[in-house]
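Here's the structure, in structure tokens; my notes come after.
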Amino acid sequence: MTPTPSKRIRVMLVDDHTMVRRGLATFLKAFDDLELAGEAENGRTAIELCAKRQPDVILMDMVMPDMNGAIATRTIRQQFPNVQVIALTSFKEDELVKSALESGAIGYLLKDVSADELVKAIRAAHAGRATLSPEAAQALVHAASQPPAPGYNLTERERVVLALMVEGLNNTQIAGKLTVSPSTIKSHVSNILSKLGVTSRTEAVTLALRNRLVT
């Protein structure tokens, strides 16, 4: 017996690739208990649409322009706590998995997931149960076993300066951008090098990129 619309799980799709959304929308039609609640091409639009469409479950890509999936997930979970979010992405990096789950996602699946596994995850999420792909579970285990990245004790201002160093700006340019004196920036850079345990700007930038100390 076909479920009545009120009993269907309303699913919203959030992905910056139109073909991915189209494929997922077609997938939803194959199941009587699933219903397409809306589509968004980025996190910002997803938040706006969530208020209008009131989905039960969101399939959220993590890497998108304008606003990524982690920020959108955190905002949606804060504003609409009854909405469950499943991260559905092509990436399985440790930090991305950790970020998604810390933001409130109840599941993390890769886009090569089978149709059966995806529908089970949607139903589980609607019931408040988590689903992790084997790769995501392994990433969590790996991330938990890693020592803290160098530079975890950088101040917020030092991280801003480091990010500008990564962009290739010199002290004078950074000072102009932050409207402070070059001597202040020189002091920040000195502290950054000391905390990272390196002796040059090049080493600091390399370490920052390797350990994702800046976004």
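Could you tell me whether segment 133-156 includes any residue that is surrounded by 15 or more Cβ atoms within 10 Å (Cβ to Cβ) and without any contact (Cβ under 8 Å) to a residue 24 or more places away in the chain? No, there is no match, as no residue in segment 133-156 is surrounded by 15 or more Cβ atoms within 10 Å (Cβ to Cβ) and without any contact (Cβ under 8 Å) to a residue 24 or more places away in the chain. Residues satisfying the criterion are absent from segment 21-41 (criterion: surrounded by fewer than 17 Cβ atoms within 10 Å (Cβ to Cβ), within 25 Å of residue 135 (Cα to Cα) and at pLDDT below 95). Taking residue 54, is it buried (at least 19 other Cβ atoms within 10 Å of the Cβ), under 12 Å from residue 11 (Cα atoms) and not aliphatic (A, V, I, L, M)? When the stated conditions are applied, residue 54 does not pass them.
Could you grab me the full set of residues in segment 88-123 that are in a loop (DSSP other than H, G, I, E, B) and over 13 Å from residue 72 (Cα atoms)? Those that are in a loop (DSSP other than H, G, I, E, B) and over 13 Å from residue 72 (Cα atoms): 90, 91, 92, 93, 106, 111, 112, 113, 114.
Residue-by-condition table, conditions (1) over 19 Å from residue 113 (Cβ atoms); (2) in contact (Cβ under 8 Å) with a residue 40 or more places away in the chain; (3) in a helix (DSSP H, G or I):
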site	(1), (2), (3)
27	no, yes, yes
35	yes, no, no
62	no, no, no
71	yes, no, yes
78	yes, no, yes
86	no, yes, no
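For residue 39, the test of being part of a helix (DSSP H, G or I) and among the acidic types (Asp, Glu) is failed. Any idea which residue in segment 169-209 is modelled with the highest pLDDT, counting only those that are part of a loop (DSSP other than H, G, I, E, B) and closer than 25 Å to residue 95 by Cα? Filtering first and then ranking leaves 198. Go through segment 8-25 and report how many residues are assigned to a loop (DSSP other than H, G, I, E, B) and either touching a strand residue (DSSP E or B) at 6+ places or on another chain (Cβ under 7 Å) or not assigned by TED's automatic domain parsing to the domain that holds residue 112 (or both). Number of matching residues: 1.
The values are calculated or read from the model by the stated rules, or taken from the named source; none is laboratory data. Remember, it's a predicted structure, so these values are computed and weren't measured experimentally. Cβ sites come from the backbone with ideal geometry, for glycine too, and all protein chains shown count toward neighbours.
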